[in-house]
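Structure first, commentary second.
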C-alpha cells in the first residue's frame, strides 16, 4: 500500500505535537497531562534553538534538565515533570527511547510539611466566602476533595441518602468513597435545583449535552443529555470543546475558587500561605486530631500508601512533638523581670521610660519591698 492519497498527492506526516497528543489520547491520559507534556516539549525545543527533537538525544535532554535545576532553580517535582514529558516524547511519539541519563543533576527534594489551618481559622475563612464558592470550599474541607475532583463532580455521584460522595477518576485514575458533610446537604440540594433549571434551559435552546469520559458518549448516545451526568458546579456560560469543537457547558474554571480562597484568606486575617489544597490538609489533620483511625483517613483521602497519610500526624503532638520547652519548665523569678522592666532603657539617643500604672496589682507591693 503506497503512501498517497487518491488524488495522487503524498499524505502529509502528522506534526510532532499532533503525534504527541495522539499518543496521549491512546493512553487515556488526562487533558491536564497533555497540556503539561506539550508545554515542556515546546520549552525543550526552544532551549535548543528550535531544532527538531529527532536530531537531539540524551546529551541535549540532560543539558536541558540540568539547566532547569542549576539555572532556573526549579523544584524537584518540576524537573521530574519535565523529565517525564521528554521520556514520553522520545519513547511514544518518536519511537527513540532514551538511554540512562548518567550526567543528570537532580534537583533536591526538600522535606516539606503541609500548611494546616486550625478549626477556628477554617471557620473564619469559610465565613468570607458565599454562594457556590462556599459550597465548593466546604466540600474541599468537609469531604477532603482535591480541587479537580470537586470541579469534575457529577450529580449522580452525590448520594444524599447514604451521606457520601463517590469520587470518580481521582488522582492516579482511582475511584473512592468519601463523606458528605451534613451541614452542606440542604444548601447543596438548593444549589442543584438552580443547576437543574439551567440544564432545562440549555435543552430548550438546543444544547444540554456534557462531556463524558472515555467512549461512553458512543456507547450511550443519550447519556450526555441526562441530568445525572451534569457537573454539580457548571460554568456560567457555554464554551467550545477544544478537542471536538462541540458547544456545551463545562464545569467552572479552577480560578473560580482559587481566587475566592485567596480573597477570603486576606479578609479573614490569616497570615499562613493558604491554597485550596490547604483545606484538604486541614480535613485530614482534624480527623486525626478527633481520634479517627489513620487507615480510615487514608481511604477517605485515596492514598495508596499509609506513609503518605502519616505526614498529617506532625501537628497531633502540639508544640514540637509534644515536648515541653525547657523555658516553660524553668522557675523564672517574675518579680525580677518586672523590676528590670521598670528601669529606663537606652535606645540610641532616646531614653525609653516605662509607663507607670495608676492601679498596681497586689504583687507590686512585694516587688517594691524587695
* To do: Mind listing whichever residues of the range 203-224 are surrounded by fewer than 17 Cβ atoms within 10 Å (Cβ to Cβ) and in contact (Cβ under 8 Å) with a residue 12 or more places away in the chain?
  => 203, 207, 212, 213, 214
* **Members of the range 69-93 found to be surrounded by 15 or more Cβ atoms within 10 Å (Cβ to Cβ), out of contact with any helix residue (DSSP H, G or I) (no Cβ under 6 Å at 6 or more places or on another chain) and assigned to a loop (DSSP other than H, G, I, E, B), listed by number** => 75
* Filtered residues of the range 225-234 (kept if under 14 Å from residue 152 (Cα atoms) and either exposed (fewer than 15 other Cβ atoms within 10 Å of the Cβ) or touching a helix residue (DSSP H, G or I) at 6+ places or on another chain (Cβ under 7 Å) (or both)) -> 228, 229, 230, 232, 233, 234
* Single unsatisfied condition, residue 49 versus (1) loosely packed, with under 12 Cβ neighbours inside 10 Å; (2) within 27 Å of the chain's Cα centre (by Cα) -> (2)
* Out of 246, 240, report the one residue that is touching a strand residue (DSSP E or B) at 6+ places or on another chain (Cβ under 8 Å), surrounded by 11 or more Cβ atoms within 10 Å (Cβ to Cβ) and without any contact (Cβ under 8 Å) to a residue 12 or more places away in the chain. => 240
* Asked: Would you call residue 267 over 27 Å from residue 178 (Cα atoms) and either touching a strand residue (DSSP E or B) at 6+ places or on another chain (Cβ under 8 Å) or modelled with pLDDT of 95 or more (or both)?
  -> yes
* Structure fact -> Considering the range 256-272, residues that are touching a residue at least 12 places away in the same chain (Cβ under 8 Å) and outside any helix (DSSP H, G or I), and then whichever is surrounded by the fewest Cβ atoms within 10 Å (Cβ to Cβ), we arrive at 269
* For the range 215-236, what are the residues that are more than 24 Å from the chain's Cα centre (by Cα) and in a loop (DSSP other than H, G, I, E, B)? -> 215, 220, 221, 222, 226
* To do: Please work out which residue is nearest to residue 129 (Cα to Cα), limiting yourself to the range 273-304 and to residues that are loosely packed, with under 13 Cβ neighbours inside 10 Å and under 19 Å from the mean Cα position of the chain (by Cα).
  => 273
* helices (runs of 4 or more DSSP H) fully within the range 287-340 counting 1 or more residues that are modelled with pLDDT under 90 and over 20 Å from residue 119 (Cα atoms) -> 306-309, 326-329
* Take residue 99 and decide whether it is crowded, with 19+ Cβ neighbours inside 10 Å, without any contact (Cβ under 8 Å) to a residue 60 or more places away in the chain, more than 20 Å from the chain's Cα centre (by Cα) and not assigned by TED's automatic domain parsing to the domain that holds residue 311. => no
* Among 33, 50, which is within 29 Å of residue 243 (Cβ to Cβ) and assigned to a loop (DSSP other than H, G, I, E, B)? -> 50
* To do: Examine the range 156-168 for a residue that is within 27 Å of the chain's Cα centre (by Cα), at pLDDT below 95 and on the phi > 0 side of the Ramachandran plot, and state whether such a residue exists.
  => no
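The values are calculated or read from the model by the stated rules, or taken from the named source; none is laboratory data. Just so we're clear, the structure is a prediction, and the values are computed from it rather than from any experiment. Neighbour counts are summed over all protein chains in view; Cβ atoms, including those assigned to glycine, are modelled from backbone coordinates with ideal geometry.
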